[in-house]
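S.K.: For reference, the structure I am asking about is given below.
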Amino acid sequence: MSNLDQVIDYTKLFQDVELATAVGQLKQNPAELQQFLQGQQGKVYNDVVKQKDSTFQKVYGDLSRATDAQESILMLDKRNKELAQIQQQIYSNQEQSATAVTNDKNLAGRKYEMNQWSTSNKSDTLFVFSMLFIVLSALVLLTTLWSMRTISAALASGLALPIVIIFVLTVVNRSQYTNIFRDKRYWNRNTFNDKYGKI
C-alpha cells in the first residue's frame, strides 16, 4: 500500500513541476499568457453558466414535480371528499330506508290494533242487536199470546218486564265497560280505571 501512496505523491509532484514549467514559459511570452488566460476565463465562465443552468433546471424540475404533486394531492383530496359525500349519501339513504321500514312496521302494528278494536266493537254491537232481536221476538210472542187470550195480561207483563230489564242492564253494562274500563288501544285489555297502579 505504501508503494501506491508514493506513486500518488510522485504524480502530484510531477504535475506541480509541469504546471510551474508551463507557467514559467507563458510568463516569458505575454501574448500567449493573455490568450491562455482568456481561454481559461472562457472555460470558467462556461462552466459557471453550465452549472447555473443545470441547477436552475434541477430547481425548476423539482418545483414542477412539487406543483404536480400538489395538484395531485389537491385532486386526491377533492376525490376523497366526493367519495366521502357519496358514502354519506348512501348511509343517509340506508338510514331513511331503515326508518321507513320501522315506521311501516309500527304503522302496520297500530293498524292491526285499530282493526282488532273496530272488529271487536262491531261484534259487541252485533251481540247487542242480536239480543234486541231476541227480546223483540219474545215481546211479539207474548203480545200475540196475550192478544189471542192464551195468557193473561199480568202474566205477559210479568214475563216481558224481566226480559226488558235484563236487556237494558246488559246494554248499560256493555256501554259503561267499553267507555270507562276498556283500554282504548287494545280491546281485550282492561284499564281498571288506574285503580291498582302500575306493576
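The values are calculated or read from the model by the stated rules, or taken from the named source; none is laboratory data. Only a predicted model underlies this, so the values are computations on that prediction, with no experimental measurement involved. Here the Cβ is made from the backbone with ideal geometry for all residues, glycine too, and neighbour counts use every protein chain on show.
S.K.: Starting from the range 159-188, keep only residues that are part of a helix (DSSP H, G or I) and of a type in the set (Lys, Arg), then list their pairs with residues that are modelled with pLDDT under 95 and surrounded by 13 or more Cβ atoms within 10 Å (Cβ to Cβ) whose Cβ atoms are within a distance under 7 Å, requiring at least 6 positions of separation or different chains.
M.R.: Close Cβ pairs (under 7 Å, with a partner that is modelled with pLDDT under 95 and surrounded by 13 or more Cβ atoms within 10 Å (Cβ to Cβ)) amount to Arg174/Asp124; Arg174/Val128.
Conditions tested, residue by residue: (1) within 30 Å of Asp183 (Cα to Cα); (2) within 43 Å of the chain's Cα centre (by Cα); (3) surrounded by 10 or more Cβ atoms within 10 Å (Cβ to Cβ).
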residue	(1), (2), (3)
Lys43	no, no, yes
Met75	no, yes, yes
Gly109	yes, yes, yes
Tyr112	yes, yes, yes
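S.K.: Let me ask something else. Checking the structure you have, find out if any residue of the range 143-154 is surrounded by 13 or more Cβ atoms within 10 Å (Cβ to Cβ) and not in a helix (DSSP H, G or I).
M.R.: Yes, that holds for at least one residue.
S.K.: Turning to a different aspect of this structure: Mind checking whether some residue in the range 184-192 is closer than 30 Å to Gly109 by Cβ, at pLDDT below 90 and exposed (fewer than 10 other Cβ atoms within 10 Å of the Cβ)? Lay out the reasoning, then the answer.
M.R.: Quick first cut of the range 184-192, residues closer than 30 Å to Gly109 by Cβ only: 184-192.
Then keep just the ones that are at pLDDT below 90; that gives 184-192.
Next, only the ones that are exposed (fewer than 10 other Cβ atoms within 10 Å of the Cβ) stay: 188.
Taking every residue of the range 184-192 in turn, at least one turns out to be closer than 30 Å to Gly109 by Cβ, at pLDDT below 90 and exposed (fewer than 10 other Cβ atoms within 10 Å of the Cβ).
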